[in-house]
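Visitor: Sharing a structure, written as structure tokens. Questions coming.
The values are calculated or read from the model by the stated rules, or taken from the named source; none is laboratory data. No experiment lies behind these values; they were computed from the predicted model shown. Cβ placement follows ideal geometry from the backbone for every residue including glycine, while neighbour counts extend to all protein chains displayed.
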Amino acid sequence: MSYLQELATKYKTDKHGLHFYTHIYEKYMQSKKNENINLLEIGIGGLQDSQKGGESLRMWNDYFVSGNIYGLDIFKKDLMISDKVKIYQGSQSSKKDLMKIINDAKQFDFIVDDGSHVCSDQVNSFKILFPYLKDGGYYFVEDIQTSYILSDGGDAFNLNNPKTAINYFKSMIDKINFVEFENPYAKQDYYCKNITEIHFYHNLIVIKKDQNNEQSNLLTNNKKIVHGKNFLKVRKIVKDTKYFLHYLRSLFCNFLDKLKF
């Protein structure tokens, strides 16, 4: 049994037993366990009882001996764990509430979303918090099975439903590979530039933030280079015209999708 599993068992957190996350966490965290890291966990547990919960905060507190641990819960928590652990009350989808923690911590090495597990909350929290993750840091989204549970905003009848959290994070796979798009009309966004890895496990997603600077070995500025000398200018015009027609086709298809034809 690994050290993090021992701590999870000691403090009775569901990260080992009900779920099997601890061996995955150690894979990404072990190299920094003795460093002065900042970790934020959304969701403290114990529901409305202010004296209950905090099992995983205790686990993180022991694991990161020199780390700073921040916890957020929708309910007020009166838990005294250690001087390294700071607890906040607020909603994970409220930028105002999250900014209170960000103003104190500035940046995070690890962010763990074990909050409401509602799809919209998982996505909104990620959008607000990810820019405050350090380069080389990891963002974890737990209990992603809610993407298949109707009451949580999931949809197991339409697995391509764009409103589920699982499909939102699947789209990040394309963003990692933006430079490989043979599409000069594609727009590069923040995530294209700042995500280098995304890992999908049973009920857990792991996203690494880092500078995504690797270039394509096939394309330049999302175009294939037209080689040769004969009729070069004409062939470039033909290529650009093809790109434009593909672009028009994509606009038309997107329009039909919005009409739900």
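Visitor: Please specify each residue of segment 44-57 satisfying the condition of being of a type in the set (S, T, N, Q) and free of Cβ contacts under 8 Å to residues at least 40 places away in the same chain.
Guide: 48, 50, 51 - these are the residues of segment 44-57 that are of a type in the set (S, T, N, Q) and free of Cβ contacts under 8 Å to residues at least 40 places away in the same chain.
Visitor: Among the residues of segment 63-90, count how many are in contact (Cβ under 8 Å) with a residue 24 or more places away in the chain and either of a type in the set (Lys, Arg) or surrounded by 16 or more Cβ atoms within 10 Å (Cβ to Cβ) (or both).
Guide: Going through segment 63-90 one residue at a time, the tally reaches 16.
Visitor: Tell me, please, whether a residue that is in contact (Cβ under 8 Å) with a residue 60 or more places away in the chain and of a type in the set (Gly, Ala, Ser) can be found in segment 28-43.
Guide: yes
Visitor: Filter segment 223-244 down to the residues that are on the phi > 0 side of the Ramachandran plot and either loosely packed, with under 10 Cβ neighbours inside 10 Å or charged (D, E, K, R) (or both) and list them by number.
Guide: Answer for segment 223-244, where residues must be on the phi > 0 side of the Ramachandran plot and either loosely packed, with under 10 Cβ neighbours inside 10 Å or charged (D, E, K, R) (or both): just 228.
Visitor: Let me ask something else. Only residues that are at pLDDT 95 or above and under 18 Å from the mean Cα position of the chain (by Cα): list them for segment 149-160, please.
Guide: 154
Visitor: Name the single residue, out of those in segment 135-191 being closer than 23 Å to residue 217 by Cβ, out of contact with any Cys (no Cβ under 8 Å at 6 or more places or on another chain) and aliphatic (A, V, I, L, M), that is surrounded by the most Cβ atoms within 10 Å (Cβ to Cβ).
Guide: 179
Visitor: What number of residues within segment 100-111 satisfy the criterion of being in a helix (DSSP H, G or I) and either among the basic types (Lys, Arg) or touching a residue at least 40 places away in the same chain (Cβ under 8 Å) (or both)? Show your work before the answer.
Guide: Taking segment 100-111 and keeping what is in a helix (DSSP H, G or I), we get 100-105.
Next, from what is left, pick out any that are either among the basic types (Lys, Arg) or touching a residue at least 40 places away in the same chain (Cβ under 8 Å) (or both): 100-101, 105.
Residues meeting the conditions: 3.
Visitor: Follow-up question, since we're still on this one. In segment 24-36, how many are in contact with a Ser or Thr (Cβ under 6 Å, 6 or more places away or on another chain) and not in a loop (DSSP other than H, G, I, E, B)?
Guide: Final tally of qualifying residues: 1.
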